[in-house]
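To start, the structure under review is shown below, and the notes come after it.
The values are calculated or read from the model by the stated rules, or taken from the named source; none is laboratory data. Remember, it's a predicted structure, so these values are computed and weren't measured experimentally. Cβ: placed from backbone, ideal geometry, glycine included. Neighbour counts: every protein chain shown.
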Amino acid sequence: MSFLDLLFGPAPTRLPVPEERLALAALLVRVARADGFASAPELARIERILQSRYALTPQAAQSLRVEAETAETLAPDTVRFTRALKEAVPLENRAALVEALWAVALADGQRDADEDRLLRLVSGLLGLSDVDSALARQRAAKA
């Protein structure tokens with residue numbers, strides 16, 4: 001079953017690592033696009049996050065980002081990505097996901113209300129509180 005089948009089909013089951021990668025990458029792209037424009041610094045940050053998190057080469061991270069851009073465009077909602085990640089990532093590790101999302105949102109040097117709303121939604125869908133999200137944002141801002 002392909003990742004797109006998982007997006008449009010019934011609730012996803014536990015994702016294998018490659019599918020988890022695409023779900024996270026697509027969510028990172030969705031955050032970058034939340035303000036209407038994915039800037040070059042945001043796209044570069046996505047690739048660095050993917051390289052670091054999954055030990056990818058720069059070329060592999062770029063390919064994953066490009067694939068994620070398509071998946072993000074086709075996905076009917078954010079819930080599919082967060083549900084997939086919630087299944088694949090234990091609760092104690094989800095704050096790192098939100099920190100990565102904040103790192104993308106802050107990469108262009110501006111906080112946008114649409115990005116803030118999306119991050120609040122995503123944090124809740126991942127089972128994290130507003131406080132957890134705020135702490136993740138603070139860590140991302142310092143990095």
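Just a few scattered comments:
- Selected residue (only one of Arg30, Arg21 is assigned to a helix (DSSP H, G or I), buried (at least 21 other Cβ atoms within 10 Å of the Cβ) and in contact (Cβ under 8 Å) with a residue 60 or more places away in the chain): Arg30
- Residue among Leu85, Leu126 that alone is in contact with a Lys or Arg (Cβ under 7 Å, 6 or more places away or on another chain) and either of a type outside the set (A, V, I, L, M, F, W, C) or at negative phi (or both): Leu126
Here is a yes/no grid of residues against (1) crowded, with 22+ Cβ neighbours inside 10 Å; (2) within 14 Å of the chain's Cα centre (by Cα):
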site	(1), (2)
Ala84	yes, yes
Ala88	no, yes
Ala96	no, yes
Arg111	no, no
Asp114	no, no
Asp130	no, no
Gln138	no, no
Ala143	no, no
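- Selected residue [among the hydrophobic types (A, V, I, L, M, F, W, C), within 14 Å of the chain's Cα centre (by Cα) and closer than 13 Å to Ala26 by Cα] from Leu125, Leu106, Leu119, Leu64: Leu64
- Every listed requirement among (1) surrounded by 14 or more Cβ atoms within 10 Å (Cβ to Cβ); (2) over 17 Å from Arg21 (Cβ atoms); (3) in contact (Cβ under 8 Å) with a residue 12 or more places away in the chain is met by Arg80 save one, (2).
So that you can scan it fast, the table gives a plain yes or no per residue for (1) of a type in the set (Asp, Glu); (2) within 12 Å of Ala32 (Cβ to Cβ):
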site	(1), (2)
Ala96	no, no
Glu99	yes, no
Ala105	no, yes
Asp108	yes, yes
Glu115	yes, yes
Leu118	no, yes
Val122	no, no
Leu125	no, no
Ser129	no, no
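- Output for the stretch 33-82, where each listed residue is touching an Asp or Glu at 6+ places or on another chain (Cβ under 6 Å), under 24 Å from Leu125 (Cα atoms) and part of a loop (DSSP other than H, G, I, E, B): Ala34, Asp35
- The one condition in (1) modelled with pLDDT under 95; (2) among the basic types (Lys, Arg); (3) more than 14 Å from Leu22 (Cβ to Cβ) that Arg45 fails to fulfil: (1)
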